1. Among the residues of the range 73-102 satisfying the criterion of being of a type outside the set (Gly, Ala, Ser), over 26 Å from residue 36 (Cα atoms) and within 14 Å of the chain's Cα centre (by Cα), which is surrounded by the most Cβ atoms within 10 Å (Cβ to Cβ)?
2. Quick one: which of 60, 54, 70 is at pLDDT below 90 and surrounded by 15 or more Cβ atoms within 10 Å (Cβ to Cβ)?
3. Of all residues in the range 101-131, count the ones that are not β-branched (Val, Ile, Thr) and not in a strand (DSSP E or B).
Amino acid sequence: MYLRFHDDGTRLATVGVDPYITSQPSTLDISISHRPDTRLQSLTQRVTAPVSDPDSEESPVELSPNSENPPRVPVSLSRDGTAAIVEVDQFGDLADETAFIPLTVTRWPEPSYSLAVESTVELVKTDSPDHTHVLTGSLEFNFTTPATGSGEGPSDTPT
């Protein structure tokens, strides 16, 4: 699923979030594409798995870099309460390109039937470094049962 950010009808950036769900999410692949006249400055994502049972204690999702296909940019992973935090603040040579960040879900809270990803992307205009775009939005993935992993389909709400 994708968050698409526009300015005056022109696409600024697209953030893709692709969880691979079997009985629960096992990988989380992130991609960021943007206009050729911009550079990626930073990405921050807040990943949560809200628990549907009010009697259950919510625990955080835990993520790690995918060992089979490691990210080509330095990724900082941390926790904030019940959220996993993904941060990239140095894109290096990939700042001008589409960036891919493959992650592995190492811990999934039971019984959660949804995954929420809040994204903030900062872009800098190539010809005007003082001109930045800070883009925020969120995606939510709902799946009906952890046994089958069949999805109800995601909902996206860019802001």
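1. Let us first name the residues in the range 73-102 that are of a type outside the set (Gly, Ala, Ser), namely 73-75, 77, 79-80, 82, 85-91, 93-94, 96-98, 100-102.
Narrowing further to those that are over 26 Å from residue 36 (Cα atoms): 77, 79-80, 82, 85.
Now restrict to residues that are within 14 Å of the chain's Cα centre (by Cα): 77, 85.
Values: 77: 15, 85: 17.
Per the stated criteria, the residue is 85.
2. Answer to the selection: 60.
3. 6
The values are calculated or read from the model by the stated rules, or taken from the named source; none is laboratory data. Keep in mind that what you see is a predicted model, and the values were worked out from it rather than measured. Every residue, glycine among them, receives a Cβ derived from its backbone with ideal geometry; neighbour counts consider all protein chains shown.
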